[in-house]
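The values are calculated or read from the model by the stated rules, or taken from the named source; none is laboratory data. None of the values given here were measured: they were computed from a predicted structure. We place every Cβ from the backbone using ideal geometry, glycine too, and count neighbours over all the protein chains shown.
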Amino acid sequence: MTKLRIKTGDKVVVLAGKDKGKTGNVLSASPKDNRVTVKGVNVVAKHKKPRSAQDKGGIIKKEAAIDVSNVQVICPACNKATRVAIGTDSKGQKARICKKCGASLDVNKYVKKAKTTKTAKTEEVAKDKVAKTEKTTAANEQKTASEQPKKVEKTTKTTQTTKTTVKRAVKDTTTTIKSVAKTSVRKTSPTKKIAGK
């Protein structure tokens, strides 16, 4: 499997096909199939059948994949379509490099997001959220405190009912044992011997 030199998010120009000359960003790249999907390029109509009552059917337009050989990366520094070389950038990292101007194509890879400072509104919103959570926790604690006596009453009732069911089961088993013992005694009683046999 070959590695693609075109990555997701790159700005590319189409070199061949019905959309020749169009530019767009790469939505997805598939190195296994050697294909890329470019936004606004190779738009096909897909006929979708509704699978349920809530699902809508109809003709859906979406981008289809095109071969990698039909696109070329646009360098962000010189703004020209270029081939891609692999080398090291100014920071010593392995990167993709423009063949025309020598600039790194992986500029966005090393840009760190700046930390945003909290404004007064966001702080107020955060305080409101904290206050709401404190209120809800206090309300939940009061509910649990009021529910505890009810739970105790319920548990005592359930233990009483289980005790009575156990007593009934014991009585039933003893009566069945007694009845079985009586029938076995009858069967084992000595019978009269018949004379002559």
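LYS171 meets all of the listed conditions (1) modelled with pLDDT under 70; (2) farther than 30 Å from GLY9 by Cβ; (3) of a type outside the set (Ser, Thr, Tyr) but one, namely (1).
The set of residues in segment 15-73 being hydroxyl-bearing (Ser, Thr, Tyr), more than 23 Å from ALA85 (Cα to Cα) and more than 27 Å from the chain's Cα centre (by Cα) is empty. Taking the criterion of being touching a residue at least 24 places away in the same chain (Cβ under 8 Å), outside any loop (DSSP other than H, G, I, E, B) and under 14 Å from LYS7 (Cα atoms), the residues of segment 74-95 that qualify are ILE74, VAL84, ILE86.
This table checks each residue for (1) modelled with pLDDT of 90 or more; (2) surrounded by 10 or more Cβ atoms within 10 Å (Cβ to Cβ).
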position: ALA65; (1), (2): yes, yes
position: VAL68; (1), (2): yes, yes
position: ASP89; (1), (2): no, yes
position: GLN93; (1), (2): no, yes
position: ARG96; (1), (2): yes, yes
position: LYS99; (1), (2): yes, yes
position: LYS112; (1), (2): no, no
position: THR116; (1), (2): no, no
position: THR119; (1), (2): no, no
